[in-house]
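One structure below.
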Amino acid sequence: MRKFAIILAGGTGSRAGGDLPKQFQPLCGRPVVWWSMQAFRRADPEIEMVLVVHPGYFDDWQILCDALPEADRIPFTLSCGGRSRPESVANGLLTVRDILADRGADAAEVAESVVLVHDGARPLVSPEMIRRGLAALRSGCGAIPAVEPVSSLREVAQPSLPIEDRESRSVARNRYVEVQTPQIFHYTLLRDCYSRGGDLSAYTDDASVAEAAGHRIHLYRGEESNLKVTHPSDFLIAGTLLRMRLDGTTDGQI
């Protein structure tokens, strides 16, 4: 089984501030996205990295890579980011296709190949969680991580209005989960889902694309610490959690 981590680092990350997109900004001495790459390498050294980057930041990323100590340089294949998340995933899948073709993979190898699609702005994913996701993968299904919400939830009408102008109603929190990444699929399944055509821009993750194509989604246990760095304050939280993990004061199951 060939395994590929498609790590999405193609956004501009403007909400996080700074001169570089959030996935390239420093976190405990390394770029944010590097920590995800390290987690995949530790989870399974056979996982190959496909890093999806906005073409305007190819040079910036290369400069960051060149500045890393030799022992911290992780091999990857660069893929061009798209105008939306679905387009970036589709580009990453095309890069996987090219890698398999260049290596002369036969039909059986292609069918057995697995892709793990991960947000590059989730630097705290743990190797244990990645291995748990691979173990949860079922034929014909997608395996996606989820955690139970801790806040009360309300359903709102008219989502395009400012929040203070929306009508809302309470919903049962125990009927919902929060979805994370990596989302894991057999390569051919996800490839075919993204090749169906039509407008995919409304889909916010790979599970929704696969579900729309008629595939079942299987949940596996995520981690509360697997947060997505979005705002400046998230860097403080992620840095604190990461230092605790590096110091051995937590196993990452925060």
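Every number in this text was worked out from the coordinates using simple rules, so none of it is lab data. Quantities reported herein were computed from a predicted structural model and do not represent experimental measurements. Glycine gets a Cβ as well: all are built from the backbone with ideal geometry, and neighbour counts include every protein chain shown.
The table for this structure:
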quantity: Cβ-defined net charge surrounding Arg103, 13 Å radius [Lys, Arg +1; Asp, Glu -1]; calculated: -3
quantity: Within a Gaussian network of the chain (alpha carbon springs, distance under 10 Å), most fluctuating of Leu190, Leu241, Leu68; calculated: Leu68
quantity: Alpha-carbon centroids, region 189-254 and region 75-89: separation in whole Å; calculated: 16
quantity: Charge dipole (debye, nearest 20) of the chain; +1 at Cβ of Lys and Arg, -1 at Cβ of Asp and Glu; calculated: 500
quantity: Share of Cα-Cα pairs in region 171-254 lying beyond 17 Å, as whole percent; calculated: 63
quantity: Cα principal axis extents for region 10-155, largest first, Å; calculated: 46, 45, 32
quantity: Choice from Asp60, Asp199, Asp165 with maximal GNM fluctuation in the chain (Cα, 10 Å cutoff); calculated: Asp165
quantity: Residue with peak Gaussian network fluctuation, the chain [Cα springs, cutoff 10 Å], from Arg41, Arg169, Arg138; calculated: Arg169
quantity: Between region 135-187 and region 113-132, the Cα center-to-center distance that results, in Å; calculated: 18
quantity: Coordinate range along principal axes, alpha carbons of region 48-120, Å, largest first; calculated: 39, 32, 20
quantity: Antiparallel bridges, percent of DSSP beta bridges restricted to the chain (to nearest 5); calculated: 35
quantity: Largest-first principal axis extents, alpha carbons of region 77-203, Å; calculated: 57, 32, 27
quantity: Pair-distance profile P(r), taking every C-alpha pair of the chain, with 10 angstrom steps and integer %; calculated: 7, 29, 37, 21, 5, 0
quantity: Cβ-placed point charges (K, R +1; D, E -1), dipole of region 40-82 about Cα centre in debye, nearest 20; calculated: 100
